[in-house]
Amino acid sequence: MIIYGTNGAHLHTAPLPGLACPSCATPEALQLSVFSRYVHIYYVPVLPYSRPAVTQCLHCQQAWDEKALPAAIRPEVQAFKKQFRAPIWHWTGVFLLVVGIVWASVASSRDDKANAAFLAAPRAGDIYTVHEKEGDPNYSLLKVVSAEGNLVELVANQYQVNNSHPIDDLNAPAKYSKESFSLTLLDLRTMQNKGQITDVDRPGK
Ligand SMILES: [Zn+2]
């Protein structure tokens, strides 16, 4: 279960200069308190969504939220409030999300480049994660036995699993066929372009 909700934090309380209380007319007795409301997930602030403010007279104790604010002082109060922003840590979740997306896309493009490089120059021991076609949830493995010139000798794993990273489950010597078969480098590239080869692992890399 994801624990999420909203929370509030007090940002600032400051005297409102140059204004008289709309209720008791005492000058220089108003103060403004500004709060930040934010969404949290597991109590980590994700993003702030509102900044409620309360104006209070220290003399007559009358208080107004923004909706109830008398029109006579509303523009001054709203202009004064602008200087109190939510602190940057109320954006922690958004920040982490952006960092995560950037990290994932960098990692995935590096992985794609490594896969393409390994596939263009196969070596004995390379392991290809394969499935019939894009969208097929069942995956298996092909292992390179030898590679020479344009020809690659492979053995097919005799099992498949419903997991896009089948290497942990399937990569045992006994699970591969004894019969090998050959593919050309062009065949491999075609299979990758069709989405049939989804990953290339080179032991030790
Ligand atoms: Zn007052």
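The values are calculated or read from the model by the stated rules, or taken from the named source; none is laboratory data. A quick note: this is a predicted structure, and the numbers were derived from the prediction, not measured. Neighbour counts run over all protein chains shown; Cβ positions are idealised from the backbone, glycine included. Accessible surface is based on the protein model in full, side chains and every heavy atom, while ligands, DNA and RNA are left aside. Shrake-Rupley method; radii C 1.70, N 1.55, O 1.52, S 1.80 Å.
Applied to the range 142-150, the Karplus parametrisation 6.51 cos²θ - 1.76 cosθ + 1.60 on θ = phi - 60° returns per-residue 3J(HN,Hα) values of 10, 10, 6, 8, 7, 9, 9, x, 8 Hz, with x for Gly and Pro. The phi-based Karplus calculation (6.51 cos²θ - 1.76 cosθ + 1.60; θ = phi - 60°) puts the 3J(HN,Hα) values of the range 159-175 at 10, 9, 10, 7, 6, 6, 10, x, 5, 5, 7, 10, 7, 10, x, 5, 8 Hz, whole numbers, x for Gly and Pro. Looking at the range 4-95, the accessible area is 59 square angstrom per residue; that uses a 1.4 Å probe and ignores ligands, DNA and RNA.
Angle of helix 92-120 to the longest C-alpha principal axis of the chain, folded into 0 to 90 degrees and rounded to 10: 20°.
Between SER50 and THR26, the contour length at 0.36 nm per residue exceeds the alpha carbon distance by 5.6 nm. Our summary gives the range 27-170 a relative contact order of 15 percent, counting only alpha carbon pairs under 8 angstrom and 6 or more residues apart. Less than 5 angstrom separates the built amide H of THR6 from those of HIS40, all sequence-distant by 5 or more or on a different chain. The tail of the calculated P(r) for the range 19-70 beyond 18 Å holds 43 percent of all Cα-Cα pairs. If R0 equals 25 Å, the separation of the Cβ atoms of ALA107 and SER177 corresponds to a calculated FRET efficiency of about 0.15. Close amide H contacts of ASP126 (hydrogens built in the peptide plane, cut-off under 5 Å, sequence separation of 5 or more or a different chain): VAL144. Ordered by 1.4 Å accessible area with all protein chains kept, TRP64, TRP103, TRP91 run largest first as TRP103, TRP91, TRP64. Its Cα centre serving as origin, the chain has a Cβ charge dipole (Lys and Arg +1, Asp and Glu -1) of approximately 680 debye. Equivalent-ellipsoid semi-axes for the chain (Cα gyration tensor, √(5λ), whole Å, largest first): 69, 16, 12. Computed log10 I(q)/I(0) for the range 4-95 at 0.17, 0.23, 0.25 Å⁻¹: -0.70, -1.03, -1.15, from the Debye equation with unit scatterers placed on every C-alpha and solvent omitted.
Counting only protein heavy atoms and a probe of 1.4 Å, the accessible surface of the chain is 58% carbon and sulfur. Here the 3J(HN,Hα) profile of the range 17-29, calculated from phi with Karplus coefficients 6.51, -1.76 and 1.60 at θ = phi - 60°, is x, x, 10, 9, 5, x, 8, 10, 6, 5, x, 6, 10 Hz, Gly and Pro shown as x.
D by Stokes-Einstein for the range 101-169, Kirkwood Rh over Cα pairs, 37 °C, 0.692 mPa s: 245 µm²/s.
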